[in-house]
């Protein structure tokens, strides 16, 4: 089968598209024919190598997978071959794309317990966006931060996959959303998908503008998954008694915390790690009922996987970047060019 394979840890040149053996589903697994796999920064971290988390090489990354059940492994029942599914990448054995082979391939062996059948396979690309970014955003906003209707939410790094998801989900929950990003163009697109106000700060110094927009009060909830580069500014943007929530650190984990803000404003700092199955079930239902349209930046063929990853790594992406096996491109009418956004988070493909 066709797959994007990491043969050694390092730079972009270590991701190579080649032919590899098709996997066979083990007991409790199914073979999924991949329709689309959405990328995340985790795919970059896995390729570079993550201290403390050894990955057996060669490796196939990609955790956000939607496709069709191709074959059942021993002991699996209750789902028919041909069923369209989105895959929960988390399992007791590890995470698909992280420690287990993932979906940047034509086929993937996945735990049967992690399959969520989907009703409208014509929207399979949107379902593929859900697990990591939208699942993480949903748990972070509602389970960990306890975001409520009428609260003020600030999203830092709002143009990435998790950031756009936070803007959409926060607005849907009735929050006032301020989205912080790096350019006027990204700010315009964030307003189109639900942000009430935006701050464009190419130098990362968004704190003063947020402070002014909040009437020098600060935000009820600030989401920061960038880390080192933005953490001091995010801390200053939280109101007295507010919550600062973190689910990652794409710019570095050794962030500086000015403790004076912590005690003077009695700020809660809350971590959020991943998602639960209930988050994915809620999200798939929202997509099925047209209440949520994940934002898609680009759809590229698997043969151009390195270019697809570069959209994230070089910070050009607005929303999700999807990779589709070359044999599936015609099914989705994908041209390989970034689609134009429509208000409400739709995309033109």
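Throughout, read-outs are computed from the coordinates displayed, never taken from laboratory work. On a predicted model such as this, the values are computed, not experimentally measured, just so you know. Ideal geometry is used to build each Cβ from the backbone, glycine not excepted, and the neighbour counts take in all protein chains shown.
Worth a mention:
- Listed from fewest to most Cβ neighbours within 10 Å, the set 130, 322 follows the order 322, 130.
- Of all DSSP-defined beta bridges confined to the chain, some 55% are antiparallel rather than parallel.
- Helix 277-288 axis, angle to the chain major axis (alpha carbon atoms, nearest 10°): 90
- Kirkwood Rh (inverse of mean 1/r, distinct Cα pairs), the range 133-271, angstrom: 14.3
- Fraction of the pair-distance distribution of the chain above 32 Å, Cα-Cα pairs, percent: 28
- Quarter of the Cα convex hull surface for the range 35-131, i.e. its orientation-mean projected area (nm²): 6.4
- Ranked by the mean number of other Cβ atoms within 10 Å per residue, highest first, peptides 100-112, 218-230, 117-129 order as 100-112, 218-230, 117-129.
- In the elastic network of the chain, a GNM with C-alpha springs shorter than 10 Å, the most mobile of 40, 88, 290 is 290.
- For the range 274-298, no residue has its backbone nitrogen under 14 Å from a point 7 Å from the Cα of residue 188, taken along Cα to Cβ.
- Projected label points at residue 257 and residue 290, each 7 Å from Cα along the beta carbon direction, are separated by 4.5 nanometres.
- Against the main long axis of the alpha-carbon atoms of the chain, helix 161-172 sits at an angle near 60°.
- Sequence of 318, 142 once ranked by neighbouring C-beta atoms within 10 Å, starting from the fewest: 142, 318
- Taking other C-beta atoms within 10 Å as the exposure proxy, 186, 216, 171, 320 rank 216, 171, 186, 320 from fewest upward.
- Base-10 log of normalised Debye intensity for the range 207-261 (one unit scatterer per alpha-carbon) at q = 0.13, 0.15, 0.27 Å⁻¹: -0.28, -0.38, -1.08
- For residue 217 and residue 48, the FRET efficiency from 1/(1 + (r/R0)^6), where r spans their Cβ atoms and R0 equals 45 Å, is about 0.70.
- Helix-only CD estimate at 222 nm, as mean residue ellipticity for the chain, using -39500 (n - 2.57) per DSSP H run (n ≥ 4): -6000 deg cm²/dmol
- Relative contact order computed over the range 133-271 (Cα-Cα under 8 Å; 6+ residues apart), in percent: 21
- Descending by average beta-carbon neighbour count within 10 Å, the peptides 273-279, 233-239 line up as 233-239, 273-279, the highest first.
- Estimated FRET transfer efficiency (residue 314, residue 281; beta-carbon r; R0 41 Å; 0.05): 0.75
- Gaussian network model of the chain, springs between alpha carbon atoms under 10 Å - residue of 35, 63, 271 with greatest fluctuation: 271
- Among 191, 47, 315, residue whose mean-square fluctuation peaks in a GNM of the chain (springs only between Cα atoms under 10 Å): 315
- Value of relative contact order over the chain, rounded to a whole percent, pairs C-alpha under 8 Å and six or more apart: 17
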